[in-house]
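Student: Have a look at this one.
The values are calculated or read from the model by the stated rules, or taken from the named source; none is laboratory data. Quick caveat, the model's predicted, so the values are computed rather than measured. In this analysis, Cβ positions are derived from the backbone assuming ideal geometry, glycine residues included, and neighbour counts consider all displayed protein chains.
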Amino acid sequence: MRSLIFLPNPLLRERSNPVGLVNDDIRTLADDMLETMRCASGIGLAAIQVGEPVRLLVLDLLEKGVEHRDVFINPEIVWASKEHTVYEEGCLSIPNYYAEVERPKQVCVNYLDRCGRLKELQAEGLLATCLQHEIDHLDGILFIDYLSRLKRNMIIRKLRKKLRSEERCEKH
Ligand code: NI
C-alpha cells in the first residue's frame, strides 16, 4: 500500500519521467498501485498520485461486461477520434468532486506491458476516457483543467480549506 497525494500538492503538476527499464521495482510499484487503487475504490491511478514521477499507470475497470485490469508503462496516445464523448469524471487526488468532461471517444495507445513488451490498444468508451485521464496525469494535467477557471478555482479553494481544517485537527 502507498499513500495517495491530493490537490493542491504541487507534485500533481509535475511531468513524469519515462521508465527506462521495466524491472522488478517497476512491477512492485505497479502491484502496490493496484492495491492502493482498489482500497480507495478507484478505477485508474497514475504513479505520480502515489508520489512517484514515472510514466506508469494502472487501470481496473469493468465495462460492458469486459474486465480491463492492466498496467501501462510509457503510454502514448498515437491516434484519437474526431468524435467526442462526455463522461462524469472524478479523481482519487481530488476527492468528492465530479464533473463532466468531453474527450475523444476512441483512442489508440502504445505502451509497454509489465514484461516490457510493446503493445497497442484500441480503446473506446469508458476505457478510452480513463486512459486519457491517467495519461494526462503523467503530464501534470488534471480533469479540472478542462472546466471553467471559475469552477476550477472553486474546487481548489474548497480543497485548501479542507486541508487546513484537517491540519488544525491534527494539531489539537
Ligand atoms: Ni485522476
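Student: Test residue 19 against the criterion of being out of contact with any Pro (no Cβ under 8 Å at 6 or more places or on another chain), under 21 Å from residue 121 (Cα atoms) and part of a loop (DSSP other than H, G, I, E, B), and give yes or no. Explain how you work it out, then say what you get.
Tutor: Numbers: out of contact with any Pro (no Cβ under 8 Å at 6 or more places or on another chain): yes; under 21 Å from residue 121 (Cα atoms): yes; part of a loop (DSSP other than H, G, I, E, B): yes.
So residue 19 fits the description; yes.
Conditions tested, residue by residue: (1) in a helix (DSSP H, G or I); (2) under 27 Å from residue 63 (Cβ atoms); (3) modelled with pLDDT under 95.
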| position | (1), (2), (3) |
| --- | --- |
| 130 | yes, yes, no |
| 133 | yes, yes, no |
| 137 | yes, yes, no |
| 141 | no, yes, no |
| 145 | yes, yes, no |
| 155 | yes, yes, yes |
| 160 | yes, no, yes |
| 166 | yes, no, yes |
| 169 | yes, no, yes |
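Student: Of all residues in the range 43-87 being of a type in the set (Phe, Trp, Tyr) and within 16 Å of the ligand (Cβ to nearest atom), which is surrounded by the most Cβ atoms within 10 Å (Cβ to Cβ)?
Tutor: Our first condition is that a residue be of a type in the set (Phe, Trp, Tyr); within the range 43-87, this holds for 72, 79, 87.
Filter once more, keeping what is within 16 Å of the ligand (Cβ to nearest atom): 72, 87.
Values: 72: 26, 87: 19.
Per the stated criteria, the residue is 72.
Student: Restricting to the range 124-143, name every residue that is without any contact (Cβ under 8 Å) to a residue 60 or more places away in the chain and away from the ligand (no atom under 12 Å from the Cβ).
Tutor: First, the residues of the range 124-143 that are without any contact (Cβ under 8 Å) to a residue 60 or more places away in the chain: 124, 128-129, 132, 136, 141, 143.
Hits for the range 124-143 are 124, 128.
Student: A further question on this structure: Can you pull out the residues in the range 88-123 that are of a type in the set (A, V, I, L, M), in contact with a helix residue (DSSP H, G or I) (Cβ under 7 Å, 6 or more places away or on another chain) and away from the ligand (no atom under 16 Å from the Cβ)?
Tutor: 107, 109, 123
Student: Given the criterion farther than 30 Å from residue 148 by Cβ, free of Cβ contacts under 8 Å to residues at least 12 places away in the same chain and in contact with a helix residue (DSSP H, G or I) (Cβ under 9 Å, 6 or more places away or on another chain), identify the matching residue among 66, 71.
Tutor: Step by step, each of 66, 71 is checked, and only 66 is farther than 30 Å from residue 148 by Cβ, free of Cβ contacts under 8 Å to residues at least 12 places away in the same chain and in contact with a helix residue (DSSP H, G or I) (Cβ under 9 Å, 6 or more places away or on another chain).
Student: Does residue 75 qualify as being in a strand (DSSP E or B), within 15 Å of the chain's Cα centre (by Cα) and either farther than 21 Å from residue 31 by Cα or of a type in the set (Val, Ile, Thr) (or both)? Break it down stepwise before answering.
Tutor: Numbers: in a strand (DSSP E or B): yes; within 15 Å of the chain's Cα centre (by Cα): yes; either farther than 21 Å from residue 31 by Cα or of a type in the set (Val, Ile, Thr) (or both): no.
In short, no.
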